[in-house]
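Enquirer: Here it is, the structure in full.
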Amino acid sequence: MAGYPKLVRDRIPEIIRQRGQTPVTHVAGDAEFLAALKAKVVEEAEELRTATGAVEIEEVADVLEVLRALADALGISWATIEEKTAGKAAARGGFTKRIIVERVE
């Protein structure tokens, strides 16, 4: 069962009504929306962590959608995020080599 209150996609209240149920909703203000997006990205990342098979692409898409909304809410363009990503990759590398640090001595 879902924990409430929770941030949902825009059409979810409509879908709930189509199922014969009545959603009780409100529109989040800026601070509540930002906090809800941060919680939502953790929720979606946890769902991705446990997903397998065909469900994985759905969960990756959900994480990406929340990240896009979060960037927009923070006033950060996706191009700026891509630039930051490229800069970090140039300075620290990416994840292509699959390196796992077991310990540091």
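Enquirer: Among what's in region 8-18 and is surrounded by 10 or more Cβ atoms within 10 Å (Cβ to Cβ) and basic (Lys, Arg), pick the residue that is farthest from Ala69 (Cα to Cα).
Expert: In this case the residue turns out to be Arg17.
Enquirer: Just one of the numbered conditions (1) within 18 Å of Lys6 (Cβ to Cβ); (2) out of contact with any helix residue (DSSP H, G or I) (no Cβ under 6 Å at 6 or more places or on another chain); (3) aliphatic (A, V, I, L, M) is not true of Leu70; which one?
Expert: (2)
Enquirer: Which residue pairs have Cβ atoms closer than 7 Å, lie 6 or more positions apart in sequence or on different chains, and pair a first residue in region 19-46 that is polar (S, T, N, Q) with a second residue that is surrounded by 10 or more Cβ atoms within 10 Å (Cβ to Cβ)?
Expert: From region 19-46, the pairs are Thr25/Pro13.
Enquirer: I would also like to ask the following. Taking helices (runs of 4 or more DSSP H) that fall entirely within region 19-105, which contain at least 3 residues that are loosely packed, with under 11 Cβ neighbours inside 10 Å?
Expert: 30-50, 78-92
Every read-out reported here was derived from the displayed coordinates using simple, explicitly stated rules and does not represent laboratory data. All values derive from a computational prediction rather than experimental measurement. Here Cβ is always computed from backbone atoms with ideal geometry, including for glycine, and neighbour counts include all displayed protein chains.
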